[in-house]
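Student: Structure below; questions to follow.
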Amino acid sequence: MRSAEPLQPFLRDPDAGVRQTFASGLEQGTGVERDAWLRELLGDPCVAVGRAAARSLARRPDSHSVGALLDAVSTGAPQVAAQAIESLGSLGDAEALPRLRAVARGGDLTLREPAAEAIRRIEEAQS
């Protein structure tokens, strides 16, 4: 297996479009770097990059995906948090339920309904 190390400069490319495309492309990548890079891109200052990273984490999850997405729910920009919530619903991991319930009950108004929907999806997947 080849290392993806030569791609690392894309993480800090000054063009947000390049970073967004990189986050989307990492969904198809392999290797240890991919997972860490997606988690790093979740916190990118460009909302579109963070959203792309959250989508990619849901499509090719690793053992740290749920934790990274939960962090994005708590600390990310509202648009990134919303995508992280949707991604958590797609993953169906019950570990996300306590944080999602807290958001649905008293979080940002724009995140309450997406959190409630993610809870429904996770609970349906568990039954």
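The values are calculated or read from the model by the stated rules, or taken from the named source; none is laboratory data. Not measured: the values here are computed from a predicted model. Please note: Cβ atoms are built from the backbone with ideal geometry, for glycine as well, and neighbour counts cover all protein chains shown.
Student: Are any residues in region 5-29 surrounded by 16 or more Cβ atoms within 10 Å (Cβ to Cβ) and not in a helix (DSSP H, G or I), and if so, which ones?
Tutor: Passing the criteria: GLU27, GLY29.
Student: Condition test on ALA104, is it at pLDDT 95 or above, more than 20 Å from ALA53 (Cα to Cα) and of a type in the set (Gly, Ala, Ser)? Step through it out loud before you land on a result.
Tutor: Details: at pLDDT 95 or above: yes; more than 20 Å from ALA53 (Cα to Cα): yes; of a type in the set (Gly, Ala, Ser): yes.
When the stated conditions are applied, ALA104 passes them.
Student: Can you tell me which of ASP108, ASP93, ASP35 is under 30 Å from PRO9 (Cβ atoms) and not β-branched (Val, Ile, Thr)?
Tutor: Numbers: ASP108 fails: under 30 Å from PRO9 (Cβ atoms); ASP93 fails: under 30 Å from PRO9 (Cβ atoms).
Of the residues listed, the single one that is under 30 Å from PRO9 (Cβ atoms) and not β-branched (Val, Ile, Thr) is ASP35.
Student: Same structure again: Out of all the residues in region 4-30, which are of a type in the set (A, V, I, L, M, F, W, C) and either out of contact with any Cys (no Cβ under 7 Å at 6 or more places or on another chain) or at pLDDT below 90 (or both)?
Tutor: Of region 4-30, the ones of a type in the set (A, V, I, L, M, F, W, C) are 4, 7, 10-11, 16, 18, 22-23, 26.
Selection gives ALA4, LEU7, PHE10, LEU11, VAL18, PHE22, ALA23, LEU26.
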